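**Q** If you scroll down you'll find the structure; I have some questions about it.
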Amino acid sequence: MSPSSAAPVITIDGPTASGKGTIAGRVAGRLGWAVLDSGALYRLTALGVLRSGCGADDVDGVAGVAARLDVVFQGERILLGGEDVAGAIREEHIGNLASRIAAYPPVRAALLQRQRDFRRHPGLVADGRDMGTVVFPDAPLKIFLVADVEARAERRYKQLKGKGFSVNLSDLLEDMRIRDQRDRDRASAPLVPAEDAVMIDSSALSIEQTVEAVLDLWSKKVF
Ligand code: DC
């Protein structure tokens with residue numbers, strides 16, 4: 001068995017702005033594990049599509065962009081063709097385009113192995129929509145993180161404001177509802193909890209309480 005196939009994975013799936021990224025990063029930090037922000041790969045593909053001039057409806061063209069992504073994750077920095085685009089990919093229009101192209105099966109196929117390559121010892125925390133169902137179906141702990149859409153819109157609003165983006169709360173709420181529905185209803189790898197996933201509703205939990213809940217579930221698996 002290769003070392004990477006034996007490495008444990010904690011998957012954290014859930015709708016947009018449910019706090020997956022923050023929770024995944026903190027859980028990984030506490031365990032000393034690697035982290036995979038799979039949404040960043042779809043966002044990078046969206047940015048690549050805009051920059052390449054390929055039409056967003058050209059499924060094979062978009063899949064080609066995904067397959068050729070020249071990306072390096074370097075701590076907080078995400079280099080696309082050598083340029084740091086960590087801030088640019090967080091913009092709402094990129095998130096919306098990412099959600100559209102994520103419905104194309106060839107795009108998902110093009111990104112599959114790249115995601116699995118993040119698996120390494122001592123472990124990986126992977127966040128996204130299909131981490132527990134498709135990418136790491138053998139993960140020993142799968143979390144499905146939910147929160148009310150209003151709580152999520154509020155969080156995303158504060159996050160984007162904090163980064164200096166100009167945003168409107170009701171537009172954000174509307175975009176979020178559309179995006180959730182698209183992610184849930186698509187035929188390929190829709191946003192659904194894995195059968196063996198544990199649901200955590202973080203609407204009324206702090207980040208720390210949510211992190212503790214995940215670590216507690218993990219310690220019960222291990223000991
Ligand atoms: O998690 P996020 O908001 O950064 O993801 C952006 C979009 O990418 C999301 O709306 C759907 C898509 N995505 C996906 O289809 N599968 C994943 N594993 C992660 C993200």
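The values are calculated or read from the model by the stated rules, or taken from the named source; none is laboratory data. Since the structure is predicted, the reported quantities are computational estimates derived from the model, not experimental observations. Note: ideal-geometry Cβ built from the backbone for every residue, glycine included; neighbour counts use all protein chains shown. Just the protein is used for accessible areas: all its heavy atoms, side chains included, with ligands, DNA and RNA removed. Shrake-Rupley method; radii C 1.70, N 1.55, O 1.52, S 1.80 Å.
**Q** Looking at the structure I just gave you, is Pro105 open to solvent by 30 Å² or more (accessible area, probe 1.4 Å), within 14 Å of the ligand (Cβ to nearest atom) and not aliphatic (A, V, I, L, M)?
**A** Here the answer is yes, as Pro105 does meet what is asked.
**Q** Follow-up question, since we're still on this one. If we scan region 176-191, do we find a residue that is among the polar types (S, T, N, Q), within 15 Å of Thr16 (Cβ to Cβ) and at pLDDT below 90?
**A** no
**Q** Right, another one. Can you tell me which residue in region 38-66 is nearest to the chain's Cα centre (by Cα), limited to those that are hydroxyl-bearing (Ser, Thr, Tyr) and within 13 Å of the ligand (Cβ to nearest atom)?
**A** Checked region 38-66; the qualifying residue nearest to the chain's Cα centre (by Cα) is Ser38.
**Q** Which of the residues that make up region 38-75 are within 12 Å of Ile94 (Cβ to Cβ) and surrounded by fewer than 17 Cβ atoms within 10 Å (Cβ to Cβ)?
**A** Residues satisfying the conditions are Leu50, Arg51, Ala56.
**Q** Please find, within region 147-197, the residue that is nearest to Ile12 (Cα to Cα) out of those that are in contact with a Phe, Trp or Tyr (Cβ under 7 Å, 6 or more places away or on another chain) and open to solvent by 50 Å² or more (accessible area, probe 1.4 Å).
**A** Here the answer is Pro193.
**Q** Going by the structure shown, is Ile94 buried (at least 17 other Cβ atoms within 10 Å of the Cβ), of a type in the set (A, V, I, L, M, F, W, C) and within 13 Å of the ligand (Cβ to nearest atom)?
**A** Yes.
**Q** Looking at (1) of a type in the set (Phe, Trp, Tyr); (2) under 28 Å from Lys158 (Cα atoms); (3) touching a helix residue (DSSP H, G or I) at 6+ places or on another chain (Cβ under 6 Å), find the lone condition where Tyr104 falls short.
**A** Of everything listed in (1) of a type in the set (Phe, Trp, Tyr); (2) under 28 Å from Lys158 (Cα atoms); (3) touching a helix residue (DSSP H, G or I) at 6+ places or on another chain (Cβ under 6 Å), Tyr104 misses just condition (2).
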